[in-house]
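So the structure is just underneath, and the comments pick up after that.
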Amino acid sequence: TDLRPLDILSEAVPAGGLARGMRVFQVQGVRGFQLSASRPRALGFPASRLFIHCDRFPEEFSIIVTLRVLRVPAKRNEYIFTLMVEESPSVLVGLRYAPDKLHFLFWSQERAGGWQTRVTFPNVSLSDNQWHTLILAVSGQSFSLTVDCSTPKDVVVETPFPASLSVRRASFYLGNRRRRKGVFTGLLRQLVLLPGADATPRICHAMNFKVAALSVPSVLQDVPAKPVSNEVLKYPYETDMKVTLGARPRCSKQEKAQFWFNASRRGLYLCNGSTWLSMLEVQHRLDYVEEYQNLVTNSESMGIEVFTIPKVGLFAAMANRITPPGSAIYRWTDGKFVHYQNIPTYQAQSWKYFTIGKKIFLAVANFEQNERGQEFSVIYKWSRRKAKFITYQRITTHSARDWEAFVIEGEAFLAVVNHREGNNHNIDSVIYRWNPRTGLFETNQTIPTSGAYDWEFFTIGPYSFLAVANTFNGTSTKIYSHIYIWLSGSFQLFQSILTFGAADWEVFHIGDRVFLAVANSHSYDSGMPAPSNFYAINSSIYELNITAQMFVKFQDLLTYSALDWEFFSVGGDSFLVVANSFDGFTFSVNSIIYRWQGYEGFVAAHHLPTVGCRDWEAFHTAEGSYLFYSSAKEPLSKVLKLKTT
């Protein structure tokens, strides 16, 4: 039965004010109650105020909680709420949090003398100073916990929740069990009891799952942009915001959640624990693009990976074609990229930077065999002592084109694109899973691919996706590329899209909209008449249609053997730049920057002369924003600076 929500938190807040022992704090733009341990009984109210017509607790229900948990010491339990009879120390119903565990408590009165049952959900990590929304659904012996609309954790116990639990002479207590010990020390924003229903569908349609709301006290809701009168704020609240002025300060875990005001750029920035994120600044607009640095490379470059090593600096790894000398890593020094390290590679196609805990890795996709006739792609690990990358793990690959690193449900994965084995393009590409015990990547799943070029991992809400760009099946480039979805521990086919020599997928968000762009490189079919131009073909942008649960074509753009898309933003504007590599006659082809124009879609804004353009990377420094492109036809790559107004 779809009954009305019972707002426990709002019931504890007196009309026109706050209960004694309550304070309102705002953190990360969201408000919540901080509860005092000094007067636990003041944070209670009779259950009869909620259960007006019946003094029985519902047999089936959901409890919805939105909270922000501080770091809880080991062996300590904190109560989120309890329901207790006045003359008894026993908890009729309660929810408490321990480090990495959530316990749901209930009293079964069917047994002689009564019986306390505890349902434990392990591996529930909430102590990260972030907001989280929990949905606990109860039905008989089945208990299900959903955190931030992720995959539910289901528990079945021997003792069912009682069918007739009396709440006569019982009271609800917020953040305590009527004692000072075990008081909840975090912030509480939402506490709702929904009888007779699983609240998950009602909560998990929101965009921000961590603060999704079914019912929130008015004192915690957003203040109107314009006050309705000249009266002062009705509900004062506190915030832990700290603002630093002057030169760019350090941003580390110690400075997390602190603000920095940059007077020269008139911008306000927030430290997320590693980098300063722009919160408010004068919006710049892209005016034009200028040549900034000509970087002479070891040989032609098939790809670029730009990355930052914390406390070390900004780097760029070039995937160079010729061995020796192999591929080079450059470091950003005094506003330019300067050679830093050479690594032996074998017709390298791409690099992928990723981290696992405190470990820093860089994986190269090698296309050819080494001097001993062995075909390996290699994972390198950053040595803090030597301040360079050293060999960590070799993995057998077949004309590897690309690596993709990602994390699902706390586990690290690494996927390789195998392009061909000999003349056979229809082979398996492989997904590897990190084994924390051995410290190595191990085969987890194989996926059939056809001359594949690229993996692209992305998430939408609680769902994880992996898209492969299939290029050639041995006879045609007009083949399907596939999007896979992670379900029940493996990737399963979600959608197939017809592509033409697909070389790259690029996922990006504009507002609440999700897009996926494919770079089509050429149109060839051995069984069909040759087109007038194999290389002048449309590349396409697809948009996620949530109703249809699939990507649908949004826009076609004429490209010339497109090999890469790169999405970037300047101020409030969004852009896509395409790597046009060959028009059928010359490798000297303009690559195009497209500006997002809303209803018009993407419109060509800047034409950039390039030679055999293979890859684009956008990056930012304190001095400005840049585009970096690699050339597959000459040992020269270029850094371009985005000039703004």
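The values are calculated or read from the model by the stated rules, or taken from the named source; none is laboratory data. Values in this document were obtained by computation on a predicted structure and should not be read as measured data. Quick reminder, even Gly has a Cβ in these numbers, built from the backbone with ideal geometry, and neighbours come from all protein chains shown. These accessible areas exclude ligands, DNA and RNA; they are computed on the full protein's heavy atoms, side chains included. Shrake-Rupley method; radii C 1.70, N 1.55, O 1.52, S 1.80 Å.
Before moving on, here are some points about what is shown:
- Distance-filtered residues of the stretch 291-326 - backbone nitrogen under 11 Å, label point 7 angstrom along LEU636 Cα→Cβ: 294-297
- Per-residue 3J(HN,Hα) values for the stretch 284-298, derived from phi via the Karplus relation 6.51 cos²θ - 1.76 cosθ + 1.60 with θ = phi - 60°, read 8, 10, 5, 9, 7, 10, 10, 5, 10, 8, 9, 9, 6, 10, 4 Hz in sequence order (x marks Gly and Pro).
- Cut-off 19 Å (backbone N to label point 7 Å along Cα→Cβ of ALA42), residues of the stretch 159-187: 172-187
- Computed FRET value (nearest 0.05) for GLN369 with ASP428, which takes r as the C-beta separation and R₀ as 22 Å: 0.70
- The slack in the chain from GLN492 to GLN28, taken as 0.36 nm per residue of separation less the alpha-carbon distance, amounts to 163.4 nm.
- Taking Cβ atoms as reference points and 13 Å as the exclusive limit, the residues near ARG250 contribute a net charge of +3, counting Lys and Arg as +1 and Asp and Glu as -1.
- Subtracting the Cα-Cα distance of GLU291 and HIS620 from their residue separation scaled by 0.36 nm leaves 116.9 nm.
- The convex hull defined by the C-alpha atoms of the stretch 1-88 has an orientation-averaged projected area of 8.5 nm².
- In sequence order, the stretch 117-129 has phi-based couplings of 10, 10, 9, 10, 10, x, 6, 10, 9, 10, 7, 10, 6 Hz under the Karplus curve 6.51 cos²θ - 1.76 cosθ + 1.60, θ = phi - 60°, and Gly or Pro positions carry x.
- Here the translational diffusion coefficient of the stretch 489-645 follows from Stokes-Einstein with Rh set to the Kirkwood radius across Cα pairs; for 20 °C and 1.002 mPa s it amounts to 128 µm²/s.
- Approximating the spin labels as points 7 Å out from Cα along Cα→Cβ, the ARG71-to-THR151 distance works out to 2.9 nm.
- Per-pair calculated FRET efficiency, R0 = 30 Å: GLN221 and TRP115 via Cβ, rounded to 0.05: 0.15
- 13 Å cut-off, amide nitrogen to a point 7 angstrom out along ALA604 Cα→Cβ, residues in the stretch 547-569: 557-560
- Convex hull volume of the C-alpha atoms in the stretch 292-448, normalised per residue: 131 Å³.
- For the chain, the mean residue ellipticity at 222 nm estimated from helices alone is 0 deg cm²/dmol, where every DSSP H run of n ≥ 4 contributes -39500 (n - 2.57) and the total is divided by all residues, rounded to the nearest 500.
- A Förster radius of 30 Å, combined with the Cβ-Cβ distance separating MET550 from ALA98, puts the computed FRET efficiency at roughly 0.10.
- Environment charge at TYR292 (Cβ cut-off 9 Å; Lys +1, Arg +1, Asp -1, Glu -1): +1
- Gyration tensor verdict on the stretch 6-220 (Cα atoms; rounded if a/c is under 1.5, prolate if a/b is larger than b/c, oblate otherwise): rounded
- For the pair ASN272 and LYS181, label points projected 7 Å from Cα toward Cβ lie 4.2 nm apart.
- Computing Rg and the Kirkwood Rh from the Cα coordinates of the stretch 559-645 gives a ratio, Rg/Rh, of 0.98.
- Among the listed pairs LYS210/LYS352; LYS478/LYS553; LYS352/LYS381; LYS253/LYS311; LYS101/LYS181, those beyond 23 Å (Cα-Cα): LYS210/LYS352
- Relative to the compact-globule estimate of 2.2 N^0.38 Å, the Cα radius of gyration of the stretch 552-605 comes out at 1.21.
- Tensor-based shape of the stretch 116-184 (alpha-carbon gyration tensor, a/c under 1.5 rounded, otherwise prolate or oblate): oblate
- Descending semi-axes in Å of the stretch 46-125, equivalent ellipsoid built from Cα gyration tensor: 25, 16, 12
- Extension gain for THR244-GLU409 works out to 55.8 nm (0.36 nm per residue, less the C-alpha to C-alpha distance).
- Expressed per residue, the C-alpha convex hull volume of the chain stands at 195 Å³.
- When a 1.4 Å probe is rolled over the protein heavy atoms, the share of accessible surface on the chain that falls to carbon and sulfur comes to 50 percent.
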